[in-house]
Amino acid sequence: LYKGQQEIYNIYNNDIKDAIIFIESEYHKFPVPFLNEIRAAQDHFSRCLSYPLDNSDWNIYVTGQLKKAKGHYDRCLLDCYKYIWYRYGSHLSRTHFIPKVFGKLQDIDNGDFYKEYKRLQKLAKECNKKARKTETTDKAEAKKLFRDAIGYLKQMDNLFESNYDKISWSVRKGILLKALYALGWIISIIYMFIRNIDPIKSIVTYMLHLF
């Protein structure tokens, strides 16, 4: 019984605890599903201790309960990884939105920056997708894939941070070019209003020419 418990508690001490500490410190949350899985695991441990030692099926019963407890800890860890993936991915989507819209990321380092960014993004999504498909059949592999997916998100974040100055310049340049383009479009409309007797007709004609 002790050896079985030790093996399961190692999952908590080596993985779950660190994941929960990260979530609490980074997002100031302790999602209820994590607590439910830990509570369910502890319930199976308590059943082992309360089951009569002189019962002939004690070993079979305890083995079954320990297996169920491990299953709950595995699910708790997988839930932690999925939560981190979702929150971290959402954070990157928000912080990278403006640079993607206004900056010309393809021009940074002759295109090498954007290629590496897209490569990491693709790997992160692929690992996450494989992990979700695998978690019901091979939890060990699913945990590895989730860790890899989160690792690729971290590399994406680091890539943006290390190229912050270049990205900022690209965004400022992009905003300026878009502003000049919009200004030119506004001036052309005002010019049509001045030159033509029927400005509405001129605008419609101009818009049709765009297509």
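Some points to look at:
- Of the criteria (1) within 18 Å of Thr95 (Cα to Cα); (2) buried (at least 17 other Cβ atoms within 10 Å of the Cβ), which one Ala142 fails: (1)
- Filter pass, Asp54 being under 17 Å from Ile8 (Cβ atoms) and among the acidic types (Asp, Glu): no
- So Phe45, is it out of contact with any Phe, Trp or Tyr (no Cβ under 8 Å at 6 or more places or on another chain), modelled with pLDDT under 90, open to solvent by less than 60 Å² (accessible area, probe 1.4 Å) and not small (Gly, Ala, Ser): yes
- Selection of first residues in region 92-111 that are free of Cβ contacts under 8 Å to residues at least 12 places away in the same chain and of second residues that are of a type in the set (D, E, K, R) and assigned to a helix (DSSP H, G or I), restricted to Cβ pairs under 6 Å at least 6 apart or on distinct chains, gives an empty result.
- Which numbered condition Trp85 misses (of (1) surrounded by 15 or more Cβ atoms within 10 Å (Cβ to Cβ); (2) more than 22 Å from Asn158 (Cα to Cα)): (2)
- Qualifying residues in region 29-41 (those that are in contact (Cβ under 8 Å) with a residue 12 or more places away in the chain and assigned to a helix (DSSP H, G or I)) - the one farthest from Tyr9 (Cα to Cα): Pro33
- Condition broken by Ser162, with the remaining ones in (1) open to solvent by 80 Å² or more (accessible area, probe 1.4 Å); (2) at pLDDT below 90 satisfied: (2)
- Scope region 117-139; condition open to solvent by less than 50 Å² (accessible area, probe 1.4 Å) and assigned to a helix (DSSP H, G or I); matching residues: Tyr117, Leu120, Gln121, Leu123, Ala124, Cys127, Asn128, Ala131, Thr134
- Any chance Tyr61 is touching an Asp or Glu at 6+ places or on another chain (Cβ under 9 Å), aromatic (Phe, Trp, Tyr) and either surrounded by 12 or more Cβ atoms within 10 Å (Cβ to Cβ) or at pLDDT below 90 (or both): no
- Members of region 31-42 that are open to solvent by less than 30 Å² (accessible area, probe 1.4 Å) and of a type outside the set (A, V, I, L, M, F, W, C): Pro31
The values are calculated or read from the model by the stated rules, or taken from the named source; none is laboratory data. These numbers come from a predicted model, not from an experiment. Neighbour counts are summed over all protein chains in view; Cβ atoms, including those assigned to glycine, are modelled from backbone coordinates with ideal geometry. Surface accessibility is based on the protein's heavy atoms, side chains included, excluding ligands, DNA and RNA. Shrake-Rupley method; radii C 1.70, N 1.55, O 1.52, S 1.80 Å.
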